Amino acid sequence: MTHFTRRQALIGAAAAPLAAGLAGQVQANAKMMGASTANYHRIVRGGFEVTTILAAAFVRDNAQSIFGTNVSAEEFAAVSAANFLPADRVMLPVTPTVVNTGTELLLFDAGADPAGTAAALGNAGYTPEQIDAVVLTHMHPDHIGGLIGDSGPTFPNARIIATAEEHNFWAGNNNEVFNAKVKPLNDRVSFIEDGGSVAPGITAMHAFGHTPGHTTYLLDSEGAQLLIFGDTANHPVWSLGYPDWEVVFDIDKSMAAATRRRVLSMLAAEKMPFIGFHMPFPGMGFVETRGDGFRYVPVSYQMHL
């Protein structure tokens, strides 16, 4: 046991302010670097490695012009305040998912632009050339924008998987983004049906409403499951928590709400983890029921045990 004399204690006390001052000077010389977050997150589910990559993040003003368009401003503000959220602004991460099955490297959704998605892949240790297939939940611009750029296809060796309902809807509407990003790659596109297999252990599950062919993908390997659910709900509170709140980007709003309730109820009942394209990064979490709605429970360390 160490004993200090009164003299030693007084010397230590006198030196403490000096040390604190020196420490403050050193810290003051460190440059301010601004807010940041991790840019990839990797877990293992059964025999799959699953990596979410942060390809972009959009900040939008007037959040209620996007979410909760069918509720009053007072209700929207009260729910936001109860969840420690500003009611006027929103940040929407863009989070593609990479799944390494052991035999193929699959990218679920291509992100908003080629440079952002390629950089995010690089941060996670992958190259665009390694991608064997790009699997699309749907064809909104932030999910297909990364497919092709000025120099050609971003993923030169990849086939593209989507539903016929989704592809044909956008093709039939002569959509500008579809024409620029998907149409030039039509020879690479193959269609998948509800219950169809992307690869052993990865199954397509229709979740129509957000778009006419919006689809989720169930990963099931060695008894471990995970749902890649795209934009089924695209905010942890204003969409997931309140599934009947309308979202401006939902093409069929009543069908989208019914789909949210069906998928979220399944996730809550099964206690199954999921990845949401616009959930707070790393985009992985669980769902539990709360009253007439649901609550988002982000992952912590449990996926690493």
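The values are calculated or read from the model by the stated rules, or taken from the named source; none is laboratory data. Remember, it's a predicted structure, so these values are computed and weren't measured experimentally. As a convention, Cβ positions derive from the backbone with ideal geometry for all residues, glycine included, and neighbour counts pool all protein chains shown.
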Enumerate the pairs (first residue in the stretch 83-101 and in a strand (DSSP E or B); second residue anywhere and polar (S, T, N, Q)) with beta-carbon separation below 6 Å, excluding pairs fewer than 6 apart on the same chain, so at least 6 apart or on different chains.
97/52; 98/51
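Can you pull out the residues in the stretch 133-150 that are assigned to a loop (DSSP other than H, G, I, E, B) and surrounded by fewer than 17 Cβ atoms within 10 Å (Cβ to Cβ)?
Keep residues of the stretch 133-150 that are assigned to a loop (DSSP other than H, G, I, E, B), which gives 136-140, 145-147, 150.
Of everything in the stretch 133-150, just one residue is assigned to a loop (DSSP other than H, G, I, E, B) and surrounded by fewer than 17 Cβ atoms within 10 Å (Cβ to Cβ), namely 150.
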Checking residue 57 against (1) buried (at least 22 other Cβ atoms within 10 Å of the Cβ); (2) within 16 Å of the chain's Cα centre (by Cα); (3) more than 19 Å from residue 214 (Cβ to Cβ): exactly one of these is not met. Which one?
(1)
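Considering every residue within the stretch 172-179, establish whether at least one is touching a Phe, Trp or Tyr at 6+ places or on another chain (Cβ under 9 Å), among the β-branched types (Val, Ile, Thr), within 15 Å of residue 137 (Cβ to Cβ) and at pLDDT 95 or above.
From the stretch 172-179, those touching a Phe, Trp or Tyr at 6+ places or on another chain (Cβ under 9 Å) are 175, 177-179; that's our starting set.
Now narrow it down to the ones that are among the β-branched types (Val, Ile, Thr): 177.
The next check asks that each one be within 15 Å of residue 137 (Cβ to Cβ); those that pass are none.
No; the residues of the stretch 172-179 include none that is touching a Phe, Trp or Tyr at 6+ places or on another chain (Cβ under 9 Å), among the β-branched types (Val, Ile, Thr), within 15 Å of residue 137 (Cβ to Cβ) and at pLDDT 95 or above.
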Since residue 101 meets every condition but one in (1) among the polar types (S, T, N, Q); (2) over 28 Å from residue 219 (Cβ atoms); (3) at pLDDT 95 or above, which condition does it not meet?
(2)
Assess whether residue 26 counts as being closer than 29 Å to residue 272 by Cα and either assigned to a helix (DSSP H, G or I) or modelled with pLDDT of 85 or more (or both).
no
Please enumerate the residues belonging to the stretch 52-70 that are closer than 18 Å to residue 233 by Cα, touching a Phe, Trp or Tyr at 6+ places or on another chain (Cβ under 6 Å) and outside any loop (DSSP other than H, G, I, E, B).
64, 67
Going through the stretch 101-119 in order, the residues found to be within 11 Å of residue 130 (Cβ to Cβ), surrounded by 18 or more Cβ atoms within 10 Å (Cβ to Cβ) and more than 14 Å from the chain's Cα centre (by Cα) are 105, 106
Is the stretch 257-273 home to any residue that is closer than 27 Å to residue 36 by Cα and buried (at least 21 other Cβ atoms within 10 Å of the Cβ)?
yes
